[in-house]
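A short write-up of the structure that comes next.
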């Protein structure tokens, strides 16, 4: 007897032009951070998604020519035939698992850097390049330049067909495409047939789309990736304006519409500011204007919502970039009716931040991402050892839980002792702050998985002494006791302690422990010398609790590092809307006053309550105890008590320590590196 599942619709095939996707799960194009110089890492990452059940796996933005050089952003390349072997290997690895392989061809136009090639940046008009960190202007393309670009695109399409891709993208999204720049009145100031009116500005996009269809000649499908709205741009495309007009004008041309928001900070908004499926408010109209299948994104992790948007005819395929990073096996788990085992994306955008550094992508939920080839890590298959051991882990924060789960998955006996009355460590504390509730998934996923294992125990309210640990007689001990926020003014811009008597000094730990809940509405300073999210979240909490807040930082911007997670503008707008005051370029001094770093003048801020957000100190006292070190041979330190970092780094640390424990009797394998040899 055949049983039905409410999720069966997600596993029905769908025809995309001349090819057929085996299901509705579409691993959307995104950079992996490996680029053309590290193909094995990128190939293994994408093959893992195909193995995990994603019916279509797309390769991220692929440069078509030398004058579209993204420099320190390691993109894929298909400049000439020398790039073909890498792409053929990638296609074969994806198709091996039954998935379709797609490639996103693109030219960055005014978003290119061309620092390595030395060629001029090109675009529709002679204007400053769209990279403010580069003091360059774009060369206005004449008709011969446009003809050359079209030919370069056609040649890249031919090479993509030869490589075996099933779907070839025309890319006009995120403000990162020359096709966007011709379409936008903000960047297109031309007066010829490619500028001025809408029909002229859309001309190049339509020509390239038609060129691509003619070139593939029915051998594979052609997708158009298009940002239907640009909510962060003055005079930008709008889903009920020219964004809609583009879809109406080209509705039946592509075999597949891939629709989203532009620019990238709007497309990849974090969970702090948006809910799952947030793009549907902008993109749901597309299905009503075309008979062709439509794929869209929105950080989809809920199978019920996926089914809903398909049944409502808002999308035909569920696109996933961040969710496919967090759990490459998300489709397989839905198909197997094991939804509780999905490792849900938390929307923290740590994956996004790696792009700014030009390094392989990382993930808070999935510590194995980007390690598939380099370390032979698999997200669902841990290393198995011949001997079965017992392991004691002190601390049930993100590192301790991940360490314990990895050991338990390998078939070992695991005991986790947590001093607090609830698991999760910093994740639990931070998850109760405004906008960070999705971060509790880091805790909940691991606690549930551990609860399903035999011979695995999690003890709460169990503070372990040195004697307790020694008497436990486990084969290994891992210390994962986290860190605490400092209250001595040590931070990113100050390494000397400051003794302060003029302020009621409060730490983030005090805020998260509700030690300030008895303070009646008052004034606070939040001094940010950490520069990630914490100071801004605490400012938001205090404002919502009825206090007035002055946010002070020695840097010239608010929550500076969040520019890499694409949140800085949203954070600034949120705090401004709640009534925060801002003092930038301002540093605390040894005399307990403040120094304006621009004019080098001292001044006072007459507010007593001061929340200092700076550095942390590791809770590593147990590890440094000589009696413990002399009594236990196999003792390990992991997470924030090893080195305070991000939650992602803590999870990765816990996972790495577990694998080190499992492999400690073997000779360490050298880290695989990709080296270019000519």
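The values are calculated or read from the model by the stated rules, or taken from the named source; none is laboratory data. Everything numeric in this text was worked out from a predicted model, so none of it was measured. No Cβ is skipped: glycine too gets one built from the backbone with ideal geometry, and neighbour counts run over all protein chains shown.
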| Of 630, 634, which residue is in contact with a strand residue (DSSP E or B) (Cβ under 8 Å, 6 or more places away or on another chain) and more than 22 Å from residue 362 (Cβ to Cβ)? | 634
| remark: Only unsatisfied item for residue 29, checking (1) surrounded by 24 or more Cβ atoms within 10 Å (Cβ to Cβ); (2) over 28 Å from residue 339 (Cβ atoms), is (2)
| remark: The strands (runs of 3 or more DSSP E) lying wholly within the stretch 577-678 that contain at least 1 residues that are surrounded by 17 or more Cβ atoms within 10 Å (Cβ to Cβ) are 586-588, 594-596, 609-613, 616-618, 635-637
| note | Just one listed residue, out of 344, 340, is closer than 25 Å to residue 414 by Cα, assigned by TED's automatic domain parsing to the domain that holds residue 57 and not in a loop (DSSP other than H, G, I, E, B), and it is 340
| query | Out of all the residues in the stretch 169-200, which are outside any loop (DSSP other than H, G, I, E, B) and crowded, with 24+ Cβ neighbours inside 10 Å? | reply | 169, 170, 171, 172, 178, 179, 180, 181, 182, 183
| request: Consider residue 102 carefully, then state whether it is within 22 Å of residue 368 (Cβ to Cβ) and outside any loop (DSSP other than H, G, I, E, B). | output: no
| query | Considering the stretch 347-361 alone, what residues qualify as being touching a helix residue (DSSP H, G or I) at 6+ places or on another chain (Cβ under 7 Å), over 19 Å from residue 39 (Cβ atoms) and assigned to a loop (DSSP other than H, G, I, E, B)? | reply | 347, 348
| note | Flagged in the stretch 112-159 as under 14 Å from residue 65 (Cα atoms), out of contact with any helix residue (DSSP H, G or I) (no Cβ under 8 Å at 6 or more places or on another chain) and not in a loop (DSSP other than H, G, I, E, B), in numbering order, are 145, 147, 148, 151, 152, 155, 156
| query | On the given criteria, is residue 599 in contact with a strand residue (DSSP E or B) (Cβ under 8 Å, 6 or more places away or on another chain) and modelled with pLDDT of 90 or more? | reply | no
| query | Of the numbered conditions (1) at positive phi; (2) assigned by TED's automatic domain parsing to the domain that holds residue 528, residue 612 satisfies every one except a single condition; which is it? | reply | (1)
| query | Residues in the stretch 398-419 that are out of contact with any helix residue (DSSP H, G or I) (no Cβ under 6 Å at 6 or more places or on another chain) and not in a helix (DSSP H, G or I): how many? | reply | 7
| Positions within the stretch 489-512 being within 19 Å of residue 536 (Cβ to Cβ) and assigned to a loop (DSSP other than H, G, I, E, B), in sequence order | 492, 493, 507
| remark: Out of (1) in a loop (DSSP other than H, G, I, E, B); (2) under 22 Å from residue 407 (Cα atoms), the one residue 457 does not meet is (1)
| field | Odd one out for residue 424 among (1) within 30 Å of residue 665 (Cβ to Cβ); (2) free of Cβ contacts under 8 Å to residues at least 40 places away in the same chain; (3) part of a loop (DSSP other than H, G, I, E, B) | value | (1)
| Filter result for the condition that a residue is under 27 Å from the mean Cα position of the chain (by Cα) and either surrounded by fewer than 23 Cβ atoms within 10 Å (Cβ to Cβ) or in the same structural domain as residue 193 (by TED's automatic domain parsing) (or both), over 164, 108, 118, 123 | 108
| task | Among the residues of the stretch 342-361, write down those that are more than 21 Å from residue 537 (Cβ to Cβ) and crowded, with 18+ Cβ neighbours inside 10 Å. | result | 342, 343, 354, 355, 360, 361
| Got a number for residues in the stretch 620-646 being over 28 Å from residue 385 (Cβ atoms), touching a helix residue (DSSP H, G or I) at 6+ places or on another chain (Cβ under 7 Å) and modelled with pLDDT of 95 or more? | 1
| request: Determine which member of the set 213, 204, 209, 224 is under 20 Å from residue 121 (Cα atoms) and modelled with pLDDT of 95 or more. | output: 204
